[in-house]
Amino acid sequence: MVDVGATSASSIHDTVPGSSSSSLSSSSSLFVNYPLICALVAFSIAQSIKFFTSWYKERRWDLKQLVASGGMPSSHSATVTALAAAIGFQEGFGGSLFATALILACVVMYDAFGVRLQAGRQAEVLNQIVYELPAEHPLSESRPLRELLGHTPPQVIAGGLLGIITASIGHLITMIGSKS
């Protein structure tokens, strides 16, 4: 429990906007923000996995996979579960901050295998319809819609597990670092 009344003069100075120590501590704290780092690492790992699995399947390097949506594992799921788990480890799993992050993670993962998966399937059907149009039709030359937008439930689960593992390893590293 934090005692709000026990604020020192130096900590008040540190939070005053425009003070040089506030700017310095804010920018340096960004680099040690454990939940943010875990989320970014989980995203990077997931996208890297897609990059290498794409090479394995197609035997060619596709740099677009480093930023593409869809595929195994879900980088969206990995990112939000790493964020939620890291917040839980840091702030406690009973707090409102963790609850907010958890709800955000659930919405993102539901959207990934629900709305975005169905939108991708609709794009597939629309592309097929446009492909079968006569050459003189005005839409016959339109660019195809992106089809790989969402994820299957196993891709979302794999991304979620990757996020939890990333946050857990990050938590262990943080615990070991704080004991040194």
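Since every read-out is calculated from the coordinates, none of them should be taken as a lab result. Owing to the predicted nature of the structure, the values given are computational and were not obtained by experimental measurement. Note that we place each Cβ from the backbone using ideal geometry, even for glycine, and neighbour counts take in every protein chain shown.
Any chance you could count how many residues in the range 74-97 are under 20 Å from I45 (Cβ atoms) and part of a loop (DSSP other than H, G, I, E, B)?
Qualifying residue count, the range 74-97: 1.
Output the residue which, of all residues in the range 104-124 that are within 14 Å of the chain's Cα centre (by Cα) and of a type in the set (A, V, I, L, M, F, W, C), is nearest to C38 (Cα to Cα).
Within the range 104-124, the match that is nearest to C38 (Cα to Cα) is A105.
For G71, which of the numbered conditions (1) of a type outside the set (D, E); (2) under 23 Å from P153 (Cα atoms); (3) in a helix (DSSP H, G or I) fails to hold?
(3)
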